[in-house]
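The values are calculated or read from the model by the stated rules, or taken from the named source; none is laboratory data. This structure is a prediction, so every number in the text was calculated from the model and none was measured. Positions of Cβ are backbone-derived with ideal geometry, glycine not excepted, and every protein chain shown enters the neighbour counts.
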Amino acid sequence: MLLTRRLFVLPSTSGLLNHSLASESSAVVSNQPPLPYEHLPGDWKKGWRNLYHFWRKDGFHNMHHLMMKNYQRFGPIYRETLGTHDSVFIQHPEDAAALFQVEGIHPERLRIQPWYEYRDYRNKRYGVLLKSGEDWRCQRLILNREVLSVAGMNRFLPLLDSVGQDFVRRVYTQVERSDRGKWTADLTNELFRFALESICYVLYGQRLGLLQDYINPESQKFIDSVTLMFHTTSPMLYIPPRLLRLINSSIWTDHVKAWDSIFNHADRCIQGIYSSLRQRTNNTYSGVLSSLLLQDQLPLEDIKASITELMAGGVDTTSMTLQWAMYELARAPGVQEKLRAEVLAARAASGSDLTALLKRIPLVKAALKETLRLHPVAITLQRYTRRDTILHNHMIPPGTLVQVGLYAMGRNPDVFPSPEQFSPERWLGGGSTHFRGLGFGFGPRQCIGRRIAEMEMQLFLIHVLENFKIETNRMAEVGTTFNLIIFPSKPIQLTLRPLSL
């Protein structure tokens, strides 16, 4: 959440956009009149047949690979219909920039229908992730000041740093227990616990104790429920959830069970904070929830809805990205050593000043961008067009769902030379990067947890690189599978070896 500008500084973003378009528009400008929408290449005339073939090809888990094949078959823009779901797909940065120009003041992403269906079924409020229109914009502006502003960042930076330090202590404990001078494991669950501990500390100002050997059963249930929620969402992107609800399908019942558990866990945390807030006697920062309650600008139920969405969306996204980052650093010759040298120099120059420290690690930040290029959390970024739009010399009508293929863009040699190489320096070389690093979206509807995720992952890598060498079997290739977000196709075995040994 799982990489920002606030809504009220968008004019500068527009300036960057104009510069980007001026320097890159030669790839798409044509003297010919734009082709009509009906002339778009692609499989869009037989939606239900396409959905059947999509299912036969295990498209629910293989969507990103099928998308790349479609780009190879049809070119940089194509149209696809699966059942009743109609989309236009693009993958060039300049087309993404053009899409940004027409998203309007109330941009809309793909509606994840099962999430709406659950909330309607349980009569729960939509959070800012699911809201739309002016209601979304008003609440988003309030939340932006809390979680995207520089002031907000400075408040929760020490909280994230302390969780990173505790993760390092946990690794040292595991190394000592192994009696081999290193710790080798599939870190999926460990990183998930780290990410949940981090986001909960920022949101609630309280620690859950997830970096200890014993985990509260309710916290483990929440972890399992988030995994189940993602797993059951993917099939319902193209099969109407209301139909599965009517036939009482196990996909629907498991989805409800997962969200019930997520909301119950969040509600317990929120109730605890709400009670302690009334007994508060000082002005120390105690998390996003407390700050929102004290401002009294949003209804309590709306706050609870948005906090729950942030909590559920801020775990898999960062934990998966960190796992992929460590995997790539262990495999790329010499890159890890360059990052470590940068971190040690930045620490020596900054001391305990975390803000100064984060300003001195451009290569670490570039390594995370490079990770998200190769392993984006979401395989597409979506917007509905607000007016007639020309994309790759085709006229796209208003109300069309357009999806930017992030996974495909990151592997396109025309956009990223030698795309198979993990090379963080490509983001620092002075070439254009406009609309190429879209792992957290763009514009006013970019990921609201972006700043939290960025700092959480940067501080994590700083602490790990300061203390450990990251190793893995360089000959063991790990593929990807789609389950609403990108997951490794098999467990990644990583080794953390203390630098002091």
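Assorted remarks:
- Wholly enclosed strands (runs of 3 or more DSSP E) of segment 393-501 bearing at least 3 residues of a type in the set (A, V, I, L, M, F, W, C) and more than 21 Å from the chain's Cα centre (by Cα): none
- Of the helices (runs of 4 or more DSSP H) contained entirely in segment 285-378, those carrying at least 3 residues that are of a type outside the set (A, V, I, L, M) and within 20 Å of the chain's Cα centre (by Cα) fall at 300-313, 316-331, 362-374.
- Test: residue 128 is among the β-branched types (Val, Ile, Thr) and in contact with a strand residue (DSSP E or B) (Cβ under 7 Å, 6 or more places away or on another chain): no
- Any hit, segment 310-332, residues being of a type in the set (Asp, Glu) and either in contact with a strand residue (DSSP E or B) (Cβ under 9 Å, 6 or more places away or on another chain) or closer than 30 Å to residue 123 by Cα (or both): yes
- Taken together, 162, 178 contain a single residue that is surrounded by fewer than 17 Cβ atoms within 10 Å (Cβ to Cβ), small (Gly, Ala, Ser), over 21 Å from residue 378 (Cα atoms) and touching a helix residue (DSSP H, G or I) at 6+ places or on another chain (Cβ under 9 Å), which is 162.
- Test: residue 259 is closer than 19 Å to residue 484 by Cα, more than 24 Å from the chain's Cα centre (by Cα) and crowded, with 21+ Cβ neighbours inside 10 Å: no
- Filter pass, residue 55 being modelled with pLDDT of 50 or more and part of a helix (DSSP H, G or I): yes
- Set 310, 298, 293: member being surrounded by 22 or more Cβ atoms within 10 Å (Cβ to Cβ), in contact with a helix residue (DSSP H, G or I) (Cβ under 7 Å, 6 or more places away or on another chain) and of a type outside the set (Ser, Thr, Tyr): 310
- Residue within segment 411-420 that is touching a Phe, Trp or Tyr at 6+ places or on another chain (Cβ under 9 Å) and either more than 30 Å from residue 204 (Cα to Cα) or modelled with pLDDT under 95 (or both) present: yes
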